[in-house]
Amino acid sequence: MKSHMLLLKLILEESGIRCCTSTTNDFKTVVRRVKAEGESFLTISLPGFCDDLQKGLANGRVASTDFVGYAKTGCLPRFLSGFTRQIFDTKTGMLLDEPSIEAIHSLRQITLLYGKVNLPCSDARTKAAFDKFVECEQQVRKYDALRDESDLSEFTRIASILFGDIFSTIDRKIYDGDIVPKHGPGKTADKLDGNAKYNQTVWTERLEYYFPHMENLFPSVSHFLDGPDVQLLEPGAETPVKVVAVPKTLKTPRIIAIEPTCMQYMQQGLMELIVEGIESSDSLSSFIGFTDQIPNQKMACEGSLKGELATLDLSEASDRVSNQLVRALCRPWVHLYNGLDATRSRKADVPGVGVLRLAKYASMGSALCFPIEAMVFTTLVFMGICKERSIPFTRDLLKEFKGKVRVYGDDIIVPVEYVHSVVSVLQDFGLVVNTSKSFWTGKFRESCGKEYYDGSDVSIVRCRRMLPTQRRHVLEMVSAASFRNQLYFAGYWKTCQFLDEMIGKLIPFPLTEVTSPGLGRHSFLPPQGERECPDLQRPLVRAAVVSGQSPPSKLEGSGALLKYFLKRGEQPFADGNHLERAGRPQAVNIKLRWVPVR
């Protein structure tokens, strides 16, 4: 904790120099609050300070209910007042005509530094997150019961215009049996890891009708006839998804659901077709993104500068997408409709609750969660736009809104003039707009990890893990090196000197280019080699290299042949030992080697 306090002190000092203000008393406040509240002040309370700052930027003034828990002078808290006075008027709390962009950036950097550090939540907060999962499920059922059939019909009509061509193609592929499944790298509910997934012997009756196990679990008919018996589970006997908590912030963990192997296997095949279909579409690729966040970020910048685009963020977005809504999404395409239903897990095993039947389509963990929710949100956005203008949705309307509407996961961008109608429709369909992270007034916008004020980038660098104290803290070492390099290019050079000394005591930490395989310091200055490679005549430096080996997972016979047939592309497997080892490394190590500087 001592090193983290010193790190924050340096960030405070450098930010103060940038904004021509003293931060001595601010750090004294931090020390006092940390002593009284513990690390939660850094990870929860300070990010809450930033929420009030951003609310003030959006509303154009600071309210009396903002910055609770801090002594005030006038309308502003005394804590960090050297920065806030450069943004808001002390007496009235009104946003200044020309607030300091540097002060806004510095405040965000200071208060959000530890907002997403990777630490486990308390048992109480984890239990509250599971309770929220169950509560969310109950709310999905509530909205399903209240939803009018006319709204579902309109939803289906708009979705058909948007995605009809893609859905027709996938519908035909399902009918023809042309879906190529795929195993993901993650864990599964039935605990099959690595190459063992290619020898799975459990299937479901629901999958069997559209995705027969003979065609998907075996490389040929002869292998099917000579192979092991496959257990076909009836709907009531299916393995439920395993609901688990993974670190997100100290305030609340992220809740995900681990899918059974057979479900994830076929979900990956359908997901691939949906993503490829949308990203290759001349019209839809402008409105939905899956792999490239830059268009969203550019639109957020434009929205902050011109004020014409709003950025919306949804809370528990995945868990609030109703299966009823997904059925309406693809209702006219019977094979796709049933294919999505067959690959959807119907039950979840929630710690402390037991197994419950799901009304949501899927939680994070399903390969189809991300593309399906994006299509649902896009459809609802255009429902809101058409509702505001009292016109029916047509293909011609898409051309008008190119560059004005975009969806990436639960990050949504819409024109400001339609924001209230869009928010109303989203809420009518059971979704919750996170007002603390949604912006349509003022000049602050955020989307896909980038934040802007009046066209200026005020994005910050976050400390994602605890700082390392020993060489064996590999993940912390990698995170610290990345954190240091991001801070360098953000201009926090004094803080970088502290990190250079700290990391340099544990491993060699030479100057390298970004492309070097070793952990190194990135700089505006060109790196110099310590010696020359005798074979390739290129400069080398001695640096730490992270290495990890996949666990033993031998695969042969039918499973090995199936893995070959499921391989994407014409290139051979990158790992020549993929039939001997597979899966994510259970541990990673640091080794010192001579590596090229670039």
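The values are calculated or read from the model by the stated rules, or taken from the named source; none is laboratory data. All values reported here derive from a predicted model rather than from experimental measurement. Here the Cβ positions follow ideal geometry from the backbone for every residue, glycine too, while neighbour counts run over all protein chains shown.
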Residue under evaluation Asp428, criteria (1) at pLDDT 90 or above; (2) of a type outside the set (A, V, I, L, M); (3) closer than 30 Å to Leu8 by Cα, criterion not met: (3)
Members of region 499-539 that are part of a helix (DSSP H, G or I) and touching a strand residue (DSSP E or B) at 6+ places or on another chain (Cβ under 7 Å): Asp500
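Residue under question is Asp313, and the condition is that it be charged (D, E, K, R), farther than 15 Å from Pro371 by Cα and in contact with an Asp or Glu (Cβ under 7 Å, 6 or more places away or on another chain); does it hold? Can you show your working first?
Details: charged (D, E, K, R): yes; farther than 15 Å from Pro371 by Cα: yes; in contact with an Asp or Glu (Cβ under 7 Å, 6 or more places away or on another chain): yes.
Considered against the rule, which asks whether it is charged (D, E, K, R), farther than 15 Å from Pro371 by Cα and in contact with an Asp or Glu (Cβ under 7 Å, 6 or more places away or on another chain), Asp313 comes out as yes.
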Lone qualifier among Ile110, Ile158 - being in the same structural domain as Thr379 (by TED's automatic domain parsing) and modelled with pLDDT of 95 or more: Ile158
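Quick test for you: out of Gly236, Gly227, pick the one residue that is modelled with pLDDT under 95, over 31 Å from the mean Cα position of the chain (by Cα) and surrounded by 17 or more Cβ atoms within 10 Å (Cβ to Cβ).
Numbers: Gly236 fails: surrounded by 17 or more Cβ atoms within 10 Å (Cβ to Cβ).
Sole residue among the options that is modelled with pLDDT under 95, over 31 Å from the mean Cα position of the chain (by Cα) and surrounded by 17 or more Cβ atoms within 10 Å (Cβ to Cβ): Gly227.
Please state which one of Leu312, Leu305 is buried (at least 21 other Cβ atoms within 10 Å of the Cβ) and touching a residue at least 60 places away in the same chain (Cβ under 8 Å).
Leu312
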Sole residue being over 25 Å from Met364 (Cβ atoms) and either in contact with a Phe, Trp or Tyr (Cβ under 6 Å, 6 or more places away or on another chain) or not polar (S, T, N, Q) (or both), chosen from Phe439, Phe393, Phe429: Phe393
Any chance Ala257 is closer than 24 Å to Glu137 by Cα, out of contact with any helix residue (DSSP H, G or I) (no Cβ under 8 Å at 6 or more places or on another chain) and without any contact (Cβ under 8 Å) to a residue 12 or more places away in the chain: no
Residue among Gln586, Gln571 that is loosely packed, with under 11 Cβ neighbours inside 10 Å, without any contact (Cβ under 8 Å) to a residue 24 or more places away in the chain and among the polar types (S, T, N, Q): Gln571
3 or more residues surrounded by 14 or more Cβ atoms within 10 Å (Cβ to Cβ) and in contact (Cβ under 8 Å) with a residue 40 or more places away in the chain: qualifying helices (runs of 4 or more DSSP H) within region 1-63: 2-18, 46-59
Sole residue being buried (at least 20 other Cβ atoms within 10 Å of the Cβ) and either at positive phi or in contact with a Leu (Cβ under 6 Å, 6 or more places away or on another chain) (or both), chosen from Phe67, Phe133: Phe67
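Yes or no, residue by residue, for (1) within 30 Å of Asp151 (Cα to Cα); (2) polar (S, T, N, Q):
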{"site": "Thr379", "(1), (2)": "yes, yes"}
{"site": "Lys387", "(1), (2)": "yes, no"}
{"site": "Phe429", "(1), (2)": "yes, no"}
{"site": "Val433", "(1), (2)": "yes, no"}
{"site": "Asp454", "(1), (2)": "no, no"}
{"site": "Arg464", "(1), (2)": "no, no"}
{"site": "Leu475", "(1), (2)": "no, no"}
{"site": "Tyr488", "(1), (2)": "no, no"}
